[in-house]
């Protein structure tokens with residue numbers, strides 16, 4: 001669908017702004033989410049995901065890591081990812097840690113399906129919805145990851161082609 005000619009310059013400017021700042025804003029917002037959710041896990045009773053996360057870690061480690069210790073490890077991991085994203089430092093390592101955390105975050109869908117779904121696998125519970133939304137975080141991290149070797153988003157389509 002083509003825009004009216006008088007709106008095309010505005011559209012070009014908006015698109016150029018989005019291309020210029022979108023990846024950075026995505027990285028920063030991911031950083032805020034990871035730092036915030038990680039920090040919540042340090043305080044008992046503040047994270048709604050703490051209990052399920054603890055049981056997932058316990059199950060993954062075959063009861064080797066106690067729930068309280070596992071939650072502290074996860075809190076530190078998420079906080080470190082958040083700080084890495086916010087600063088932009090060590091981005092490759094940060095994104096690798098994020099990917100590992102995301103895999104662990106999605107595992108309750110398989111390990112605890114009765115808690116993750118009201119009707120398996122069609123109707124997610126509130127916990128399941130909380131987990132499934134992480135697919136968006138993972139996709140956003142992939143966009144940020146596409147820039148670690150200097151890649152960037154550009155707006156190249158001419159206004160006439162719109």
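The values are calculated or read from the model by the stated rules, or taken from the named source; none is laboratory data. Since we're looking at a predicted model, the values are computed, not measured. Counting neighbours? That spans all protein chains shown, and the Cβs are built from the backbone with ideal geometry, glycine included.
Below are the figures for this structure:
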quantity	calculated
Complete set of residues in segment 1-26 that are surrounded by 11 or more Cβ atoms within 10 Å (Cβ to Cβ) and not in a helix (DSSP H, G or I)	3, 7
All positions within segment 27-57 that are without any contact (Cβ under 8 Å) to a residue 40 or more places away in the chain, surrounded by fewer than 20 Cβ atoms within 10 Å (Cβ to Cβ) and outside any helix (DSSP H, G or I)	43, 44, 45, 46
Residue in segment 85-96 that is surrounded by fewer than 20 Cβ atoms within 10 Å (Cβ to Cβ), out of contact with any strand residue (DSSP E or B) (no Cβ under 8 Å at 6 or more places or on another chain), closer than 19 Å to residue 135 by Cα and free of Cβ contacts under 8 Å to residues at least 24 places away in the same chain present	yes
Within segment 121-138, tally of residues that are more than 21 Å from residue 34 (Cβ to Cβ) and either at pLDDT 95 or above or touching a strand residue (DSSP E or B) at 6+ places or on another chain (Cβ under 8 Å) (or both)	3
Conditions (1) crowded, with 17+ Cβ neighbours inside 10 Å; (2) farther than 15 Å from residue 30 by Cα; (3) touching a residue at least 40 places away in the same chain (Cβ under 8 Å); number of the one not met by residue 116	(3)
Tabulated pairs, segment 1-24, first more than 28 Å from residue 147 (Cα to Cα), second surrounded by 11 or more Cβ atoms within 10 Å (Cβ to Cβ) and at pLDDT 90 or above, C-beta under 8 angstrom, 6+ apart or interchain	3/11
Answer residue from segment 121-134, given it is touching a helix residue (DSSP H, G or I) at 6+ places or on another chain (Cβ under 8 Å) and in a helix (DSSP H, G or I) and is surrounded by the fewest Cβ atoms within 10 Å (Cβ to Cβ) among those	132
